[in-house]
2 protein chains.
Amino acid sequence: MARTDIARRVYNHAWKLDPIVRSLLDTDFYKLLMLQMIWGMHPEVETTFSLINRATSVRLADEIDEGELREQLDHARTLRFSKKEMIWLGGNTFYGRKQIFQPEFLAWLENFRLPDYELVRRDGQYELTFSGPWVYTTLWEIPALAIINELRSRAAMKRFGPFALDVLYARAKAKTWDKTERLKKLPELRISDFGTRRRHSFLWQRWCVEALKEGIGEAFTGTSNVLLAMDNDLEALGTNAHELPMVYAALTDTDEDLVQSPYRVLQDWQRYYGGNLLIVLPDAFGTASFLHHAPDWVADWTGFRPDSAPPIEGGERILAWWRERGRDPTQKLLIFSDGLEAETIEETYRHFEGKVRMSFGWGTNLTNDFEDCAPTPVDGLKAISLVCKVTEANGRPAVKLSDNPAKATGDAGEIDRYLRVFGGEERAEHAVKV
Amino acid sequence: MARTDIARRVYNHAWKLDPIVRSLLDTDFYKLLMLQMIWGMHPEVETTFSLINRATSVRLADEIDEGELREQLDHARTLRFSKKEMIWLGGNTFYGRKQIFQPEFLAWLENFRLPDYELVRRDGQYELTFSGPWVYTTLWEIPALAIINELRSRAAMKRFGPFALDVLYARAKAKTWDKTERLKKLPELRISDFGTRRRHSFLWQRWCVEALKEGIGEAFTGTSNVLLAMDNDLEALGTNAHELPMVYAALTDTDEDLVQSPYRVLQDWQRYYGGNLLIVLPDAFGTASFLHHAPDWVADWTGFRPDSAPPIEGGERILAWWRERGRDPTQKLLIFSDGLEAETIEETYRHFEGKVRMSFGWGTNLTNDFEDCAPTPVDGLKAISLVCKVTEANGRPAVKLSDNPAKATGDAGEIDRYLRVFGGEERAEHAVKV
């Protein structure tokens, strides 16, 4: 006879807090790589990171309870890297290299905790900001986004009974599995999970990662989520992000230094990392300008991650540049990670097959695709374009131009100045889904 | 690998309402027996039932959230007898008799729903009253008590994590099992569950009933809980309660009629029921007075349920009365149901063995004994003496004297009048634990 476990049931129904982020490793690997460099070279820089909801029609403050949001953020602030996690960070091989993290950095990380936040409701939105030393504020980006996205899913699912939820997840599982079946047909595919920040929920991301591991085997190269990498013996993947050129740029005093700032980032980066970690993210202030002003040694780097132009167009521009600079694209690597869906992955793969090495970082469409899964349609389960960007460095405004004006962030006057300095050629507006 | 059932987990952690009372059969059987008689003979009587917390130091309104209480009461009001339940009530044999409920009564019951309630907070207590036709208000007693008691347990358990809860229930289970081991040693014991109203929770009562069924076998004669009787193929047990003489008494106009009112109840009762249902509850206005004024035919009834005097003393008084009236106590039945614990059951059993037939109705100490079970002591898990009594009938105050002045209820002036009419001899104060 099936017996009710009374203790378990009482516990489940008197739930106090169901923490969304339960480990500081539940973040993207590149945050740790960047953090080591920030810690080593810019320990004094002060920054502010701000939540930006590009989907302005979604009134987050109406969907998500402020008390629950504060509880989750407060809980994240209680976290420390555990002993097991520290040992793993120190002992694991990342990108083929042992001890990628310096002992001094790990010793400092042991005492890391997330700094305080400021939260204000305004016009149906949350103004959520993290101010303080860059070495602390930078690690808020991923947990803050994961918390808001999961609270939004939870709120949307409150209307469903157990069978509706069962159907919801059954459909989402079937859908994810169908995608893996499609992708399996691409013989040389290399794909990884980049979906932490906009995941539906932690448990769902875990399911997706484990499903990909079983479903596409060798083609699945790992996950950007450090915790899931550790727990599933997968590679932790990721390189660097826009916050580096954004902060470097914000700290310059002259237009000349501003133009040079993206290359300064790369120079500093290669003091710390090599090999497959030498991936250029070219679009912070427009890829055209970046390629135009790039010193020749940039073409020696392993690859590029075009992150805002359409993948085929953006990739071809980089291939052309390599050829101009006398490099052989078939020896180079392109990492695609912007708004990928199974269709885009297939098209991009087929287009570049044999022309360049490729890798795909699959994000939101992997870990938060519940379209047509709910028994009754519910807007709150549609992923939205929510980001947490650096907006100030040492009191100066930080700006991102991007190849897609819809993804630009920062003060309008400052954006105009950057456009004057870097030029706006080849930038083109595309709808930003997620 | 143990996989998380994500849908189930989301549901459990976004729980909307965990209803305490989920069936109108989740009540004591005697309420249905009394209801049939009230429906047949007193369809016009209006009554008020009121919650009375004898443990005044326990501030219920501070322990239990008003919103949750209203949600539970409102949910109980949505309940109807289901088809399966109606078929079972009509088709089952109760106390050896088929069709104990008349078809006309069952036809009326099919549309039964609990009437509205009034809830006011005052001085840390809840004033909870149910007013309306007696045929409706009477059925609130048990669900109202069960709801308040379980909400109190839930509130008390909110502080515990899953392991503390596991230990809490493990200890309570071990304790209950120890009691069954003790009681098993009494060869002719007949014992049943009377613990619905003050149970810790529905699931816990169900566990206790199933454990007794397995643990003491034939000695376990059934349960007063109609739903648990139906679900476990057990006898549904119970006869009648103080509300009958209390209402009958309240409706009299003269002292003479007042004295006769308890016997009028019995006369009406035997129009409906016979055999083992002819059990006298003698203490509503004092057992001494009841026995003194009782017509001789009362001694022909099957047995007595002494409910407020200490069991040995109270039982001996009835045995003496039977002998006075020339009846043989060994042919008679005593049902003990007041504040029983394993020790009292043993003592009472040993005392009356061979002198009279006995049966025990085990209540609060069976279904709500968590003493020393919690990892850290918590007052909210101690059962309290909470009752829901009729306080008015057709606008007149209803009174209970009891053999124990601590269990008296009603308007003080009216209690004095009743004491004058019935006399107060042999009443003695005893601590009321539950």
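Candidates are the residues of the stretch A:39-55 that are surrounded by fewer than 22 Cβ atoms within 10 Å (Cβ to Cβ) and of a type in the set (A, V, I, L, M, F, W, C); the one that is nearest to the other protein chains (Cβ to nearest Cβ) is A:55.
The set of residues in the stretch A:232-249 being within 14 Å of chain B (Cβ to nearest Cβ) and touching a residue at least 12 places away in the same chain (Cβ under 8 Å) consists of A:232 alone. Tell me the residue from A:379, A:338 that is among the charged types (D, E, K, R), out of contact with any Asp or Glu (no Cβ under 8 Å at 6 or more places or on another chain) and under 30 Å from residue A:157 (Cα atoms), please. After applying the criteria, what remains is A:379. Hey, any hits in the stretch A:68-82 for a residue that's at pLDDT 95 or above, within 30 Å of residue B:19 (Cα to Cα), open to solvent by 50 Å² or more (accessible area, probe 1.4 Å) and within 14 Å of chain B (Cβ to nearest Cβ)? Within the stretch A:68-82 (the criterion being at pLDDT 95 or above, within 30 Å of residue B:19 (Cα to Cα), open to solvent by 50 Å² or more (accessible area, probe 1.4 Å) and within 14 Å of chain B (Cβ to nearest Cβ)), the answer is yes, since at least one residue qualifies. In the stretch A:290-306, the residue that is surrounded by the most Cβ atoms within 10 Å (Cβ to Cβ) out of those that are assigned to a loop (DSSP other than H, G, I, E, B) and not basic (Lys, Arg) is A:306. Give the stretch B:293-334 a look and list any residue that's farther than 16 Å from residue B:430 by Cα and in contact (Cβ under 8 Å) with a residue 60 or more places away in the chain, or say none. Of everything in the stretch B:293-334, those that are farther than 16 Å from residue B:430 by Cα and in contact (Cβ under 8 Å) with a residue 60 or more places away in the chain turn out to be B:305, B:317.
Selection of the stretch B:159-192 for residues being farther than 23 Å from residue B:232 by Cβ and of a type in the set (Val, Ile, Thr) yields only B:167. Look through the stretch A:215-237, keep the residues that are on the phi > 0 side of the Ramachandran plot and open to solvent by 10 Å² or more (accessible area, probe 1.4 Å), and return whichever of them is modelled with the highest pLDDT. So, considering only residues that are on the phi > 0 side of the Ramachandran plot and open to solvent by 10 Å² or more (accessible area, probe 1.4 Å), the one modelled with the highest pLDDT is A:233. Note down all Cβ pairs under 6 Å where the first residue falls in the stretch A:77-100 and is touching a residue at least 60 places away in the same chain (Cβ under 8 Å), the second is assigned to a loop (DSSP other than H, G, I, E, B) and basic (Lys, Arg), and they're at least six residues apart or on different chains. Hits for this filter: zero, empty list.
For first residues located in the stretch B:14-38 and within 14 Å of chain A (Cβ to nearest Cβ) and touching a residue at least 12 places away in the same chain (Cβ under 8 Å), partners that are open to solvent by less than 20 Å² (accessible area, probe 1.4 Å) and of a type in the set (A, V, I, L, M, F, W, C) and lie 6+ apart or on another chain with Cβ distances below 7 Å form the pairs B:20/B:146; B:20/B:147.
Quick check on residue A:386: is it buried (at least 19 other Cβ atoms within 10 Å of the Cβ), in contact with a Gly (Cβ under 6 Å, 6 or more places away or on another chain), of a type outside the set (S, T, N, Q) and closer than 23 Å to residue A:407 by Cα? Criteria not met by residue A:386.
Here the condition is being over 24 Å from residue A:54 (Cα atoms), of a type in the set (Phe, Trp, Tyr) and touching a helix residue (DSSP H, G or I) at 6+ places or on another chain (Cβ under 8 Å); of A:370, A:352, it holds for A:352 alone. Just to be sure, is residue A:218 more than 30 Å from residue A:134 (Cβ to Cβ), within 14 Å of another protein chain (Cβ to nearest Cβ) and in a helix (DSSP H, G or I)? The answer is no for residue A:218. What about residue A:396, is it surrounded by fewer than 19 Cβ atoms within 10 Å (Cβ to Cβ), closer than 17 Å to residue A:245 by Cα and either touching a helix residue (DSSP H, G or I) at 6+ places or on another chain (Cβ under 8 Å) or among the polar types (S, T, N, Q) (or both)? Here the answer is yes, as residue A:396 does meet what is asked.
Filtered by the rule that a residue be over 20 Å from residue A:180 (Cβ atoms) and within 20 Å of the chain's Cα centre (by Cα), the stretch A:336-357 gives a lone residue, A:338.
Among the residues making up the stretch A:367-383, none is at pLDDT below 95 and either closer than 20 Å to residue A:134 by Cα or within 20 Å of the chain's Cα centre (by Cα) (or both). Taking every residue in the stretch A:385-408 that is of a type in the set (Asp, Glu) and pairing it with any residue that is not in a loop (DSSP other than H, G, I, E, B), at least 6 positions away or on another chain, the pairs with Cβ-Cβ distances below 6 Å are A:392/A:48; A:403/A:287. Number of residues in the stretch B:221-253 that are assigned to a loop (DSSP other than H, G, I, E, B), hydrophobic (A, V, I, L, M, F, W, C) and closer than 29 Å to residue B:393 by Cα: the value is 3.
Summed over the stretch B:402-431, residues that are more than 22 Å from residue B:137 (Cα to Cα), surrounded by 19 or more Cβ atoms within 10 Å (Cβ to Cβ) and touching a Lys or Arg at 6+ places or on another chain (Cβ under 8 Å) total 3.
For residues that are in a helix (DSSP H, G or I) and among the aromatic types (Phe, Trp, Tyr), scanning just the stretch B:83-109, find the one that is modelled with the lowest pLDDT. It comes out as B:88.
The values are calculated or read from the model by the stated rules, or taken from the named source; none is laboratory data. On a predicted model such as this, the values are computed, not experimentally measured, just so you know. Every residue, glycine as well, gets a Cβ built from its backbone with ideal geometry; the counts of neighbours run over all protein chains shown. Calculation scope for accessible area: heavy atoms of the full protein, side chains included, ligands and nucleic acids excluded. Shrake-Rupley method; radii C 1.70, N 1.55, O 1.52, S 1.80 Å.
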